[in-house]
Amino acid sequence: MIFIFGAGKWGYALSYAFSKKRIPITIYDIKEETLKNIPKHPYIKTTTNTEDVLKHEIVIIATPTQSIKHIIENCKDKDTIIASKGIDISTRKDVIDLALEYNIEKSNIFVLSGPSFAEDVLKDLPVALTLGYFNREKALKLQNLLSSQLFRIYTSSDIKGVALGGAIKNVMAIASGIVEGAGLGESAQAALVTRGLKEMIKIGKLMGAREKTFYGLSGVGDLFLTASSNKSRNKRFGLLIGKKKSPKEALEEIKEVVEGYYTVKALYDIAVERHLDLPITNAVYKVLYENMSIEESMNTLLSRELKEEDD
């Protein structure tokens with residue numbers, strides 16, 4: 001009934017959560033060796049054949065964002081839940097606009113996002129997420145189908161805000177890790193994450209999201225989790241950068257996709273194109289892509305003109 005693209009940690013965690021409701025799952029990955037790591041389960045099958053998606057009514061995309069454009073065409077005429085959190089680096093499009101570009105019907109597009117680690121799901125710990133939608137009737141059916149006592153799904157008509165909150169918070173998590181890794185103190189870390197939320201809202205509103213969505217699970221909820229926990233690969237990546245590792249060294253050490261590394265470049269390009277003032281995004285980009293030192297980056301941030309907090 002459900003076809004999942006991506007057999008990484010999150011893809012498998014979703015298959016585990018939904019199989020507990022006795023929903024038949026097929027999980028796809030391009031690598032056979034990745035699929036071999038999926039434990040045998042009566043409700044979970046694996047495949048390397050994308051054509052198997054044709055047999056399913058619901059598709060979940062749990063691949064890295066940069067891979068979505070290579071698989072999205074397989075999702076036509078299917079209810080498609082995008083569980084990836086990022087912005088495509090080549091087109092600067094969020095996951096919704098990517099789906100629309102490949103002619104996925106609006107009413108078939110959903111975004112699942114919120115504060116949730118795969119390992120918590122796999123340990124049967126409670127998590128809560130938000131399902132963004134264009135079609136409310138379909139969203140309510142998916143909410144009832146997929147929710148359980150330990151996997152609680154709320155719905156939101158602001159699908160753009162749900163998608164952008166999940167994407168942009170990864171950049172702020174990297175920044176939080178850098179501050180911690182560089183030993184700049186918990187006070188600075190708290191201030192940065194708080195101002196990071198303001199930056200998320202600024203970008204989100206410009207791209208068509210509603211401000212209040214960023215105060216929910218897919219916004220501040222996901223930001224709080226990802227920017228504070230060392231389970232977060234984006235924060236761990238930032239920690240390594242703060243300890244003077246190069247981006248290449250840090251990526252090699254993490255050994256997983258760090259979505260924020262790509263998202264920050266897309267956001268920086270958007271900011272330049274639209275003349276946006278995004279100081280934290282700009283600082284992270286300069287450190288990761290232009291070899292600016294953390295000291296110089298912090299001096300630039302702390303030397304900015306004083307202003308009203310709400311500005």
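Structure values in brief
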item	result
All positions within the range 1-19 that are farther than 20 Å from residue 231 by Cα and not in a loop (DSSP other than H, G, I, E, B)	2, 3, 4, 5, 15, 18, 19
All positions within the range 251-274 that are hydrophobic (A, V, I, L, M, F, W, C), in a helix (DSSP H, G or I) and either closer than 13 Å to residue 173 by Cα or more than 19 Å from the chain's Cα centre (by Cα) (or both)	264, 271, 272
Within the range 38-128, helices (runs of 4 or more DSSP H) holding 3 or more residues that are in contact with a Lys or Arg (Cβ under 8 Å, 6 or more places away or on another chain) and either buried (at least 16 other Cβ atoms within 10 Å of the Cβ) or modelled with pLDDT of 95 or more (or both)	95-101
Top-ranked residue of the range 275-296 - restricted to ones that are over 26 Å from residue 94 (Cβ atoms) and not charged (D, E, K, R), ranked as surrounded by the most Cβ atoms within 10 Å (Cβ to Cβ)	294
Scope the range 262-296; condition within 18 Å of residue 182 (Cβ to Cβ) and without any contact (Cβ under 8 Å) to a residue 24 or more places away in the chain; matching residues	282, 285, 286, 290, 291, 292, 293, 295, 296
Selected residue (criterion: nearest to residue 164 (Cα to Cα)) from residues of the range 266-311 that are modelled with pLDDT under 95 and basic (Lys, Arg)	274
Filter result (crowded, with 24+ Cβ neighbours inside 10 Å and of a type outside the set (A, V, I, L, M)) within the range 234-274	234, 235, 237, 238, 259, 260, 261, 263
In the range 159-197, the residues that are in a helix (DSSP H, G or I), farther than 20 Å from residue 207 by Cβ and of a type outside the set (A, V, I, L, M, F, W, C)	176, 177, 180, 181, 186, 187, 189, 194
Where residue 172 falls short, out of the listed (1) open to solvent by 10 Å² or more (accessible area, probe 1.4 Å); (2) in contact (Cβ under 8 Å) with a residue 12 or more places away in the chain	(1)
Residues located in the range 192-226, provided they are in contact (Cβ under 8 Å) with a residue 40 or more places away in the chain and among the hydroxyl-bearing types (Ser, Thr, Tyr)	213, 218, 226
Qualifying residue in the range 17-31 (condition: within 27 Å of residue 219 (Cα to Cα) and either crowded, with 19+ Cβ neighbours inside 10 Å or not assigned by the TED database to the domain that holds residue 101 (or both))	yes
Pairs, first aromatic (Phe, Trp, Tyr) in the range 119-142, second open to solvent by 80 Å² or more (accessible area, probe 1.4 Å), C-beta under 8 Å, six or more apart	134/106
Qualifying residue in the range 159-167 (condition: in contact with a strand residue (DSSP E or B) (Cβ under 9 Å, 6 or more places away or on another chain) and exposed (fewer than 15 other Cβ atoms within 10 Å of the Cβ))	no
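The values are calculated or read from the model by the stated rules, or taken from the named source; none is laboratory data. What you see is a predicted model; the values in this text were computed from it and never measured. Note that we place each Cβ from the backbone using ideal geometry, even for glycine, and neighbour counts take in every protein chain shown. These accessible areas exclude ligands, DNA and RNA; they are computed on the full protein's heavy atoms, side chains included. Shrake-Rupley method; radii C 1.70, N 1.55, O 1.52, S 1.80 Å.
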